Amino acid sequence: MTSWSAKDTLAYDESWVMASHVISVIASICAHPHAYPATFRPFKQMMTRHSELFWHEDLDVCADAEKRFAVDSLREIWWKEAVYVQERGDCTQYTIHLMNAPEGEFCDETVRADPPVADDVEVSSGLFAANDRIRAWVVAPYARDAATLEPTCTELNPARTQGETAFAVPPFRYYSLLVIRKYK
């Protein structure tokens, strides 16, 4: 595992595609990969600058996520059970794990083709008033064919209209984490 390459399979009989979907699910339940013995990239590389987002301490599951948020996309995106709220000293932080579903919503080690990119995902919510001070960004692991083997972190400019705040998520192939902070 020490000589692992992004261009090769992750382990014996395990494809990049299946492993990427599995790691997306593991990330969405905030199972910090440093607790797992295998070196699973592309997720483990997110444990540097963005590590605090994947520890589950002080996180509350947002039980009514479907009432608070809406996720619109032409592709199937898994997210409803992977929304968390954290009360911090200066803000309330919402983390929404977005997972691009496998083609046919099934994946095993025989699947070698990446799913289509989710390039039209928008998350909206009525939680934020027009005068609320909020910041939002998306963190995503690098792709198999990425030139730079680093996660991307993109700050978002939310659009506010008629009591709704919308966040346009940059295109992603497997997984993105939307972080929204509402400052007090």
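The values are calculated or read from the model by the stated rules, or taken from the named source; none is laboratory data. Just so it is clear, the model here is predicted, and its values are computed rather than measured. FYI the Cβ positions are ideal-geometry reconstructions off the backbone, even for glycines, and counts take in every protein chain you see. Quick note on the areas: whole protein, heavy atoms, side chains included, nothing else; ligands and nucleic acids left out. Shrake-Rupley method; radii C 1.70, N 1.55, O 1.52, S 1.80 Å.
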| note | Residue pairs within 7 Å by beta carbon, gap of at least six or interchain, first lying in the stretch 60-75 and within 17 Å of Gly163 (Cα to Cα) and among the small types (Gly, Ala, Ser), second open to solvent by less than 100 Å² (accessible area, probe 1.4 Å) and not in a loop (DSSP other than H, G, I, E, B), listed first then second, are Ala70/Ser124
| Taking the stretch 79-109, which residues are at pLDDT 90 or above and charged (D, E, K, R)? | Lys80, Glu81, Glu87, Arg88, Asp90
| task | Could you tell me which residue of the stretch 144-163 is nearest to the chain's Cα centre (by Cα), considering only residues that are touching a residue at least 24 places away in the same chain (Cβ under 8 Å) and more than 18 Å from Val117 (Cα to Cα)? | result | Glu150
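Could you grab me the full set of residues in the stretch 90-107 that are open to solvent by 10 Å² or more (accessible area, probe 1.4 Å), touching a residue at least 60 places away in the same chain (Cβ under 8 Å) and of a type in the set (A, V, I, L, M, F, W, C)? Working first, answer last.
At the first step, the residues of the stretch 90-107 found to be open to solvent by 10 Å² or more (accessible area, probe 1.4 Å) are 90, 92, 94, 99, 102-107.
Those left that are additionally touching a residue at least 60 places away in the same chain (Cβ under 8 Å): 90, 92, 94, 99, 102, 107.
Scanning the stretch 90-107 gives Met99, Cys107.
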